[in-house]
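*Asks:* Below is a structure I'd like to ask you about.
The values are calculated or read from the model by the stated rules, or taken from the named source; none is laboratory data. As the structure is a prediction and not an experimental result, all values here were calculated from the model. Neighbour counts are summed over all protein chains in view; Cβ atoms, including those assigned to glycine, are modelled from backbone coordinates with ideal geometry.
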Amino acid sequence: AFFDAGAKPLSGRKIIVTSGPTHEPIDPVRYIANRSSGKQGHAIAAALAKLGADVRLVSGPVTLADPAGVKTVHVESAREMQDAVEQLLPADGAVFVAAVADWRTADSAGEKIKKVAGEGPPALKMVENPDILAGVGHHKKRPYLVVGFAAETQDVVRNAQAKLKKKGADFIVANDVSHEGGVMGGDRNRVKIVSSAGVEEWPEMGKDEVASRLAALIAERLKTIEV
Ligand code: CTP
Ligand code: CA
């Protein structure tokens, strides 16, 4: 038909979303993690699916259910998340919401580390994890639209602008994570949309509303690009 009343703005668009924390193993029973709940990333995946997108969610360890209508891959560590994202390329868009651990232990022990009398605590040697967003932002299979997040406790806009450039993103959704009992784990968020066009401040709203507005913005942007 020339006019399909059931058509949704993101029909036929494949969009990758990362969400949640990553866990970096120390030994078989211990890991390094962060306070990300996955709420914002999962809400974005669900909102994109509602607009008809073929959403591929790569989720770190969360207690949330897989969003309805979203193909979800579960990973633990940053390197597993990077591999999963790489496998999913090419895509029309990618939204990096995950709070990826910046560092992992240089080598995780194969056996549980034991207390040894007189030896004191083990020293953990850390190495940097790959930057998944930057890898995709500069990838030969770069999606048309690449969106990152920025968690900051100070100089929010300046830091977000630096990340926009360095990581090759089209948008950075910046939030201030400094306040106690705030963004991390909570249900509400206040973000700034940072792009080469400038900074757009959104009022404080529920994470579901941030998600639906962001999905609408992504649909608007992709509309101008040929399928
Ligand atoms: N990100 C990523 N891979 C990493 C680190 C971050 O894909 N190893 C992504 C996040 O998903 C987010 C963006 O990069 O979309 C910014 O993450 P953030 O932690 O705010 O920035 P960093 O570059 O890690 O810098 P810092 O933590 O020092 O502020
Ligand atoms: Ca980081």
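*Asks:* Among A117, A99, A78, A91, which is the only one that is free of Cβ contacts under 8 Å to residues at least 40 places away in the same chain and not aromatic (F, W, Y)?
*Replies:* Unique residue meeting the criteria: A117.
*Asks:* Which strands (runs of 3 or more DSSP E) sit wholly inside the stretch 3-104 and have at least 1 residues that are of a type in the set (D, E, K, R) and within 19 Å of D170 (Cα to Cα)?
*Replies:* Hits in the stretch 3-104: 14-19.
*Asks:* Looking only at the stretch 136-153, which residues are in a loop (DSSP other than H, G, I, E, B), more than 18 Å from D102 (Cα to Cα) and in contact (Cβ under 8 Å) with a residue 24 or more places away in the chain?
*Replies:* Listed by number, the residues that qualify are H138, H139, K141, R142, P143, Y144.
*Asks:* A follow-up question, please. Looking at Q82, Q40, which is the one that is within 17 Å of G185 (Cα to Cα), at pLDDT 95 or above, within 14 Å of ligand 1 (Cβ to nearest atom) and in contact with a helix residue (DSSP H, G or I) (Cβ under 8 Å, 6 or more places away or on another chain)?
*Replies:* Among Q82, Q40, only Q40 is within 17 Å of G185 (Cα to Cα), at pLDDT 95 or above, within 14 Å of ligand 1 (Cβ to nearest atom) and in contact with a helix residue (DSSP H, G or I) (Cβ under 8 Å, 6 or more places away or on another chain).
*Asks:* Could you list, in sequence order, all residues of the stretch 54-78 that are farther than 21 Å from D131 by Cα and among the acidic types (D, E)?
*Replies:* Those that are farther than 21 Å from D131 by Cα and among the acidic types (D, E): D54, D66.
*Asks:* Could you grab me the full set of residues in the stretch 82-134 that are within 30 Å of A47 (Cα to Cα) and among the aromatic types (F, W, Y)?
*Replies:* The answer is F96, and nothing else.
*Asks:* Please work out which residue is farthest from the chain's Cα centre (by Cα), limiting yourself to the stretch 89-99 and to residues that are surrounded by 21 or more Cβ atoms within 10 Å (Cβ to Cβ) and more than 11 Å from ligand 1 (Cβ to nearest atom). First the steps, then the outcome.
*Replies:* The initial filter retains those residues of the stretch 89-99 that are surrounded by 21 or more Cβ atoms within 10 Å (Cβ to Cβ), namely 91, 93-99.
Filter once more, keeping what is more than 11 Å from ligand 1 (Cβ to nearest atom): 91, 93.
On the way: A91: 15, G93: 13 Å.
Across the stretch 89-99, the extreme among qualifying residues is A91.
*Asks:* Follow-up. Just to be sure I understand, how many residues within the stretch 165-196 are touching a Ser or Thr at 6+ places or on another chain (Cβ under 7 Å), of a type outside the set (D, E, K, R) and either assigned to a loop (DSSP other than H, G, I, E, B) or farther than 20 Å from R213 by Cα (or both)?
*Replies:* Matching residues across the stretch 165-196 total 4.
*Asks:* Within the stretch 100-119, how many residues are surrounded by 11 or more Cβ atoms within 10 Å (Cβ to Cβ) and more than 12 Å from ligand 1 (Cβ to nearest atom)?
*Replies:* So the count comes out to 4.
*Asks:* Go through V156, V194, V146 for me and flag whichever is touching a strand residue (DSSP E or B) at 6+ places or on another chain (Cβ under 7 Å) and within 21 Å of S59 (Cα to Cα).
*Replies:* On the way: V156 fails: within 21 Å of S59 (Cα to Cα); V194 fails: within 21 Å of S59 (Cα to Cα).
Matching residue, one of V156, V194, V146: V146.
*Asks:* Working only within the stretch 151-168, note down all residues that are touching a helix residue (DSSP H, G or I) at 6+ places or on another chain (Cβ under 9 Å), near ligand 1 (Cβ under 7 Å from one of its atoms) and at pLDDT 95 or above.
*Replies:* K163, K167
*Asks:* While we're looking at this one, here's another question. Just to be sure, is P143 surrounded by 13 or more Cβ atoms within 10 Å (Cβ to Cβ), more than 10 Å from ligand 1 (Cβ to nearest atom), of a type outside the set (A, V, I, L, M, F, W, C) and under 24 Å from the mean Cα position of the chain (by Cα)?
*Replies:* It is true that P143 is surrounded by 13 or more Cβ atoms within 10 Å (Cβ to Cβ), more than 10 Å from ligand 1 (Cβ to nearest atom), of a type outside the set (A, V, I, L, M, F, W, C) and under 24 Å from the mean Cα position of the chain (by Cα).
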